[in-house]
Amino acid sequence: MTAQLTFISKTGAAIAEVFDDLAQLRIAVFRDYPYLYEGSVDYEKGYLQTYLQSERSFLFAVYDGDQMVGASTCIPLADETAEVRKPFEDAGFDIGSICYFGESILLPAYRGMGLGNRFFDEREAHARSFKDFEICCFCSVDRGEHHPLKPADYRPNDAFWLKRGYKREAVLQSVMEWPDLGEAVYTPKTMIFWTKRLND
């Protein structure tokens with residue numbers, strides 16, 4: 001790890017310029033519990049297309065030399081996939097007023113440096129810049145209390161998210177599919193949303 005980190009931001013189709021870096025980082029970080037993501041370039045390419053097609057999508061990333069070591073994204077919820085939109089549509093939300101936060105990922109060696117807060121600051125600022133977003137949201141995977149691969153020292157990010165002003169919305173749930181470690185088939189995972197009003 002070098003002392004000099006650099007930061008970049010990209011929007012819309014320009015995110016494709018760092019696709020390989022982002023894909024490698026996502027695969028590396030999401031192998032850990034609770035995501036346990038086996039990782040595939042095909043999955044990453046499909047995931048990224050949603051962001052490339054949205055003019056108001058946003059990536060903020062941190063590099064150590066030539067390596068992307070952290071990244072976060074956001075996108076208008078209206079531009080997200082059906083499984084992400086559906087819980088909010090079913091609950092009667094105005095989809096156009098919500099900004100969805102995608103990943104917030106960081107290699108272990110770079111944690112505890114305040115970058116997690118920086119990721120939220122940057123995404124919330126991006127959402128506020130458009131004036132029409134009232135709510136920010138993201139989702140986290142629910143693996144239950146007794147998953148066999150849950151590390152004994154695992155600590156969820158709930159306390160950090162609560163401190164940032166987000167609240168867990170148990171009634172807002174979706175299902176996403178990806179292959180778990182060591183598996184080739186896609187299996188469903190329960191995702192629970194967290195929300196925050198931008199002006200609170």
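FYI, it's all coordinate maths here, none of it is from the lab. For clarity, every value in this text was computed on a predicted model and none was experimentally measured. With ideal geometry, Cβ positions are generated from the backbone for all residues, glycine too; neighbour counts draw on all protein chains shown.
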Of LYS10/LYS45; LYS150/LYS196; LYS10/LYS163; LYS86/LYS131, which sit over 25 Å apart, Cα to Cα?
LYS150/LYS196; LYS10/LYS163
For ARG143, what charge total do you get from the other residues with a beta carbon under 13 Å from its beta carbon, if Lys and Arg give +1 and Asp and Glu give -1?
-2
Which trypsin sites (Lys or Arg not before Pro) in the range 104-200 sit in a loop by DSSP (not H, G, I, E or B) and have at most 10 other Cβ atoms within 10 Å of their own Cβ?
LYS131
Go ahead and set up a Gaussian network model of the chain, Cα springs under 10 Å, then flag whichever of PRO151, PRO87, PRO34 fluctuates most.
PRO151
Which of rounded, prolate, oblate describes the range 68-192, given a ≥ b ≥ c as roots of the alpha-carbon gyration tensor eigenvalues and a/c under 1.5 marking rounded, otherwise prolate only if a/b is larger than b/c?
oblate
The answer for the longest stretch of the chain without any exposed GluC sites (Glu not before Pro) (DSSP loop, at most 11 further Cβ atoms within 10 Å) is 56-144
Just to compare against my own numbers: the Cα pair-distance distribution for the range 106-154, 10 Å bins, whole % per bin, please.
18, 32, 33, 15, 2
Between ARG197 and ASP90, what FRET efficiency follows from the Cβ-Cβ distance if R0 is 22 Å, with the result rounded to 0.05?
0.65
Within the range 61-76, find all residues whose amide N lies under 19 Å from a label point positioned 7 Å from the Cα of THR11 along Cα-to-beta-carbon.
61-62, 72-76
Three principal axis lengths of the range 1-121 [C-alpha, angstrom, descending]:
47, 29, 27
